[in-house]
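Below you'll find the structure, written out as structure tokens, and then a few comments.
Every read-out reported here was derived from the displayed coordinates using simple, explicitly stated rules and does not represent laboratory data. All of these numbers come straight from a predicted model, not from anything done at the bench. As a convention, Cβ positions derive from the backbone with ideal geometry for all residues, glycine included, and neighbour counts pool all protein chains shown.
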Amino acid sequence: MGKIRWHKSIKIRLLFSYFLIVFLFASVSVGSLYYVRKVYNNGNTIYKNNLVSVDYLNTININLRQIDHCAVGMIREIGGITREEYAQMIADIRKDNEKLMAEYEALNSDDNEKKVYEQFKVSMEDINNRIDTYMAYALDGKYDEAMKYYDVDIHMPEHDMYNLLDEAAGAASANADKKNMENYRIYSKIILFLTITLIVIFALSIVVALQVSNSFISKLNVIQRWAKRISEYNVSEDMDDKSPDEFGITNKALNESQFMIRDLVEKIVEESETISDTGKEVSEAIRKSKDRIEKMSLEIMKSSKEQADFIKGIKEVLRDKDLPSDVTLLLKALFDGVEKSSIYSEEMQQELLNMSTYMEQIAISSDYQNEIAIEHRSQVGKFKVNKDA
């Protein structure tokens, strides 16, 4: 049997198909999960960034209102807090706002939100300058001028500043909702793409599996047809599949087996014919020899009968008392010789009979061997070893 090249091996092709399908599934799944995670993190970061922006803007708004409350409290020194302490509180709140605004500006925001925020900054700087003027009046004891200045130059512009800040916070909140919706759409598209891709890969896997299975089935059908022909004693055709894989190697071995069967059948037929012809000749020769032996036995039997008659005649002659003594002696000697010859003839006849029986047994055995050879030839004759037969 020949060696199988690794790229022709069915086992290698099966493993390659399996790992290819697994690799495709794993690659698409891992890649999709990676990009889903990446998009999710990016979208979630922007979404959280927008929410943080809203928190910053709301906190800045609260701080500005606290500054306004502190400015109002400076005139009356509400809660026993002095004007200088209120001024320090306003300075501290402004520092907190500056820090919050710097952190807010470091965040990403859209153009509309930035535009509104820039308008707010301009308005806030103007309000801060006016509050500084207001605090200067209050600290100098000019309370009436300070109250008048607050009512005319601070109170109404502050509402516009608050509205701008609320508008910026609303824009940030709207951006967060918009980004959340965009993320949902992106997730839906990615999931749809992933589903379609997996379906396509699954369909390709089915196609590959069907092609591989059809290839196996076609090769198995060749072996199945071969097995059916063998069951019908037909070994005349070899299998044509000579592919360098496990099936091709198997088919080559089966073809070699068929060749040996054909060769064996031909040898059995030839040898059985030889045995049959030889057995027939031997049987005929033995039967002819048996007939000759039986004929010889009959001749000896006839001779023995004549010898018995001759002995009987000698006995009658010897009863004559008037025979000369020398004749009597001769007759007795002749009698003894003939009697011994008769005994020898009987023994010879018995041996010939035994030989005839033995030769008959040999002839029967030869006939039996001939019948066996004919039966063997009949059995192997069922095999079809030639296409034209």
For the modelled label position 7 Å from the Cα of S27 along Cα-to-Cβ, which residues of region 190-207 have backbone nitrogen atoms closer than 13 Å?
-> 201
Which distance in nm do the two modelled labels at A227 and I81 give, with both placed 7 Å along the Cα-to-Cβ direction?
-> 9.9 nm
Long-range amide H contacts for N234: which residues qualify at under 5 Å (H placed 1.01 Å from N, peptide plane, sequence gap of 5 or more or a different chain)?
-> K384
Can you pull the one-decimal nm distance between simple spin-label points at A102 and N58, each 7 Å off the Cα toward Cβ?
-> 2.5 nm
May I ask which residue of V28, Y117, L100 lies farthest towards the positive end of the charge dipole of region 6-225, with charges of +1 (Lys, Arg) and -1 (Asp, Glu) on Cβ and the Cα centre as origin?
-> V28
Simple spin-label estimate for N112/A91, 7 Å along Cα→Cβ, in nm, reads 4.1 nm
Exposure proxy order (Cβ contacts within 10 Å, fewest to most) of R130, R65 | R65, R130
